[in-house]
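The block underneath contains the structure these notes are about, expressed in structure tokens.
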């Protein structure tokens, strides 16, 4: 005896309309946008900063799990099973045998990756969950313009065969760091991943252009799109309509309106 209403549980993203392609998901979530606005505010200080980042990533990774992770039929005896044979929970849930890897891109990605890692360990078999670590830094030219990202070190704990690989990095500015990190996994880490997913709090049009061009197979989930350096007429259009004219970066490649350098303020280390 089962309730067939839960045989297949549908999940629909609430996301912003845009023209960036089917792998880009800019969430339309008033609660999370309000919390992100508090995080971005000039007056917000520690410990609220890291508390907000952790809270936002708990919600963001939950959304990604609902949208991207495979499902499996559950069969769970509830506390009522001893009193009634119908005390059996049947229905669709997340497959606990899913392999998952979350990648800490130090330093802004350290706390977000830990949040994702801890949550995944509560949901799927812990033996199938891993956290890797990559140290990266921006590469600048003589004019202090970002020209790429360099890998300073990595601690990668195994292959990624059939794993969903998550890159929780708060600020998607130029896309250099994440594009480099994804390429590292594709070229140097054994196994074929099931899916690569970027989890960002804020992204720019430039970030989306680089990721979708260099890694068209990668999914991007973001809470907010910032294109504040775009011309006024472009800001009046659906995002992505005039992609080449959109900009969310100032002359130093910081996001506008943005939230400042999260790697700096999250660690209280302004170097």
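Coordinate-derived values only; no laboratory data. Just so you know, these numbers come straight off a predicted model, no measurement behind them. Glycine also receives a Cβ, built like all others from the backbone with ideal geometry; neighbour counts cover every protein chain displayed.
Structure notes:
- Each residue, residue 11 and residue 42, gets one label point 7 Å from its Cα in the Cβ direction; the gap between the two is 3.9 nm.
- For the chain, a Gaussian network of Cα nodes joined below 10 Å ranks 90, 56, 120 by mean-square fluctuation, and the top entry is 90.
- Separation between Cα centres of region 1-75 and region 176-194, rounded to whole Å: 24 Å
- Computed helical MRE - 222 nm, the chain, DSSP H runs ≥ 4 contributing -39500 (n - 2.57), nearest 500: -9000 deg cm²/dmol
- For the chain, a Kirkwood radius taken over Cα pairs fed into Stokes-Einstein (4 °C, viscosity 1.567 mPa s) yields D = 65 µm²/s.
- Placing pseudo-labels 7 Å out from each Cα toward the beta carbon at residue 81 and residue 233 gives an inter-label distance of 6.7 nm.
- The chain: angle of helix 176-188 to the longest principal axis, Cα-based, in degrees nearest 10: 50 degrees
- The angle separating the long axis of helix 110-123 from the principal Cα axis of greatest extent in the chain is about 10 degrees.
- Based on every Cα atom in region 167-271, Rg and the maximum pairwise Cα distance Dmax equal 14.6, 47 Å.
- For region 1-87, the direction-averaged projected area of the alpha-carbon convex hull comes to 9.4 nm².
- For the chain, the share of DSSP beta bridges that are antiparallel, to the nearest 5, is 40%.
- Whole-Å semi-axes of region 1-158's equivalent ellipsoid (Cα gyration tensor): 37, 20, 17
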